[in-house]
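Quick notes on the structure that follows.
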Amino acid sequence: MSPLLPRVKPELAGKFTRGRAARYDFAMHERRRFPRKAVDVFLNKFIGGYPHLCRAVDISAGGIQIVGFREPATHMQSFPLELRLPGDSQTFWLWARRVSARGRRQTLEFVQPNPDDVHRLERFVECG
């Protein structure tokens with residue numbers, strides 16, 4: 001084990017292992033680089049040039065988790081998104097890459113977002 005990774009407290013060591021004496025390392029499983037915020041807003045995900053309605057579940061300056069409603073099966077991994085956040089009068093146009101998918105839920109990472117958009121997203125996430 002690397003000395004740079006934090007260790008779990010001894011009193012918690014057995015709680016995450018189903019009775020085995022192994023340790024659970026929280027740092028190994030957290031890959032997020034940005035704080036996120038729960039949201040409940042609709043957005044358009046464009047597939048083949050056509051918008052498909054989705055619902056955002058949470059968002060950060062680096063990505064978004066969405067739930068798709070009806071969209072065609074596709075092998076595409078990158079999509080343009082059209083999104084407007086509550087309290088913001090400007091629409092975000094972002095390019096996103098699928099990181100994971102489970103059922104209708106998808107995690108998308110923003111690809112080379114405009115620095116102004118990143119700043120707006122950071123402000124949105126920081127505001128309660």
Query raised in the report: Cα-based Rg (one decimal) and Dmax (whole number) for the range 62-121, in Å?
Result: 12.1, 34
Query raised in the report: How much length is gained on full extension from K37 to R104, taking 0.36 nm per residue of separation minus their Cα-Cα distance?
Result: 22.1 nm
**Report entry** Interchain or long-range residues, amide H under 5 Å from F92's placed H
**Finding:** L83, R84, L85
**Report entry** Amide proton proximity set for E71, modelled H, under 5 Å, gap of 5+
**Finding:** none
Query - Vicinal HN-Hα couplings computed from phi for the range 93-105 (Karplus, 6.51 cos²θ - 1.76 cosθ + 1.60; Hz; Gly/Pro x) - result: 10, 10, 9, 9, 10, 5, 9, 7, 8, 9, x, 8, 8
Query - Segment L53-N114, extension gain: residue separation times 0.36 nm, minus the distance between their alpha carbons - result: 19.6 nm
Query raised in the report: Relative to the Cα centre, what is the charge dipole magnitude of the range 56-128, using +1 at the beta carbon of each Lys and Arg, -1 at the beta carbon of each Asp and Glu, and rounding to the nearest 20 debye?
Result: 400 debye
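Every number in this text was worked out from the coordinates using simple rules, so none of it is lab data. These numbers come from a predicted model, not from an experiment. We place every Cβ from the backbone using ideal geometry, glycine too, and count neighbours over all the protein chains shown.
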